[in-house]
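One structure is given here, and the rest of the page talks about it.
The values are calculated or read from the model by the stated rules, or taken from the named source; none is laboratory data. Here the structure is a predicted model, which is why all the values come from computation and not from measurement. With ideal geometry, Cβ positions are generated from the backbone for all residues, glycine too; neighbour counts draw on all protein chains shown.
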Amino acid sequence: MDYVVRHIAEDEWPLLEDFLYEAIYVPEGYEGEVPRSLIYDDPKCRAAYQGFGGLLDDRAVVAEVSGEVVGACWVRTTDEYGHIDDKTPSFSISLYKPYRGQGIGTAMMRAMLAKLREAGYARASLSVQKKNPALRLYERMGFRIVGDGADETEWLMVADLA
């Protein structure tokens, strides 16, 4: 599949809200739909997208297929899931379901990690549900588990960038 990973355009910032919803891990066998209100009601979810572009550390790339944005990878230093401190950007990444498992997420993460290294960041962080298969991707990208995340269902992971 042909795709392009590029810097997000300012008029695309609102897409991060949709991609955050897409990023919610739904375990196999789950019946029903995760309520979209979750990304609005949870302050840590809102912190991942609300006011994007207003912080010095806000950075994002998108993946585009045939002119359509199909995924996003972005970092912030706000108090969102995966937040460690105000000097460590925390990752959010998501792809629409038909585009998963094709290397696009890997390409977006590589691009973002390169941007963070170029900007001089020492490390990056993220959180992931313990049962989420994306855990393997994050480990391949150099993230390591440093403990539980916000609760016992998720891991907090860090990648050293130096």
### Query
Which residue out of Glu68, Glu22 is closer than 26 Å to Pro133 by Cβ, touching a residue at least 24 places away in the same chain (Cβ under 8 Å) and not basic (Lys, Arg)?
Glu22
### Query
Among Ala47, Ala60, which is the only one that is outside any loop (DSSP other than H, G, I, E, B), buried (at least 21 other Cβ atoms within 10 Å of the Cβ) and free of Cβ contacts under 8 Å to residues at least 60 places away in the same chain?
Ala60
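Looking at Val146, Val128, which is the one that is modelled with pLDDT of 95 or more and surrounded by 20 or more Cβ atoms within 10 Å (Cβ to Cβ)? Before the answer, list the steps.
On the way: Val146 fails: surrounded by 20 or more Cβ atoms within 10 Å (Cβ to Cβ).
Just a single option satisfies the conditions, and that option is Val128.
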### Query
From the list Ala107, Ala63, which residue is over 21 Å from Leu156 (Cα atoms) and touching a helix residue (DSSP H, G or I) at 6+ places or on another chain (Cβ under 7 Å)?
Ala63
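Find the residue count for segment 7-34, including only residues that are within 21 Å of Ala114 (Cα to Cα) and surrounded by fewer than 13 Cβ atoms within 10 Å (Cβ to Cβ).
Of the residues in segment 7-34, 3 are within 21 Å of Ala114 (Cα to Cα) and surrounded by fewer than 13 Cβ atoms within 10 Å (Cβ to Cβ).
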### Message
Given the options Ala48, Ala60, Ala114, name the one that is among the small types (Gly, Ala, Ser), over 17 Å from Tyr21 (Cβ atoms) and at pLDDT 95 or above.
### Response
Ala114
### Task
Would you tally the residues in segment 99-122 being over 15 Å from the mean Cα position of the chain (by Cα), touching a residue at least 24 places away in the same chain (Cβ under 8 Å) and not in a loop (DSSP other than H, G, I, E, B)?
2
### Query
In this structure, does Tyr40 turn out to be in contact with a helix residue (DSSP H, G or I) (Cβ under 9 Å, 6 or more places away or on another chain), surrounded by fewer than 22 Cβ atoms within 10 Å (Cβ to Cβ) and without any contact (Cβ under 8 Å) to a residue 12 or more places away in the chain?
yes
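Let's see how each residue does on (1) out of contact with any Gly (no Cβ under 7 Å at 6 or more places or on another chain); (2) more than 29 Å from Gly29 (Cα to Cα); (3) not small (Gly, Ala, Ser):
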{"position": "Arg46", "(1), (2), (3)": "yes, no, yes"}
{"position": "Phe52", "(1), (2), (3)": "yes, yes, yes"}
{"position": "Val61", "(1), (2), (3)": "yes, yes, yes"}
{"position": "Ala72", "(1), (2), (3)": "yes, no, no"}
{"position": "Asp86", "(1), (2), (3)": "yes, yes, yes"}
{"position": "Ile93", "(1), (2), (3)": "no, no, yes"}
{"position": "Leu116", "(1), (2), (3)": "yes, yes, yes"}
{"position": "Met141", "(1), (2), (3)": "yes, no, yes"}
### Task
May I ask you to list the residues in segment 149-162 that are under 19 Å from Tyr25 (Cα atoms) and either at pLDDT 95 or above or buried (at least 18 other Cβ atoms within 10 Å of the Cβ) (or both)?
Gly149, Glu154, Trp155, Leu156, Met157
### Task
Scan (1) under 17 Å from the mean Cα position of the chain (by Cα); (2) closer than 17 Å to Gln129 by Cβ for the single condition Val34 breaks and write down its number.
(1)
### Query
Looking only at segment 83-98, which residues are under 18 Å from Phe19 (Cα atoms) and either over 11 Å from the mean Cα position of the chain (by Cα) or at pLDDT below 95 (or both)?
Tyr96, Lys97, Pro98
### Task
Go through segment 84-110 and give me each residue that's among the hydroxyl-bearing types (Ser, Thr, Tyr) and closer than 18 Å to Asn132 by Cβ.
Ser90, Ser92, Ser94, Tyr96, Tyr99, Thr106
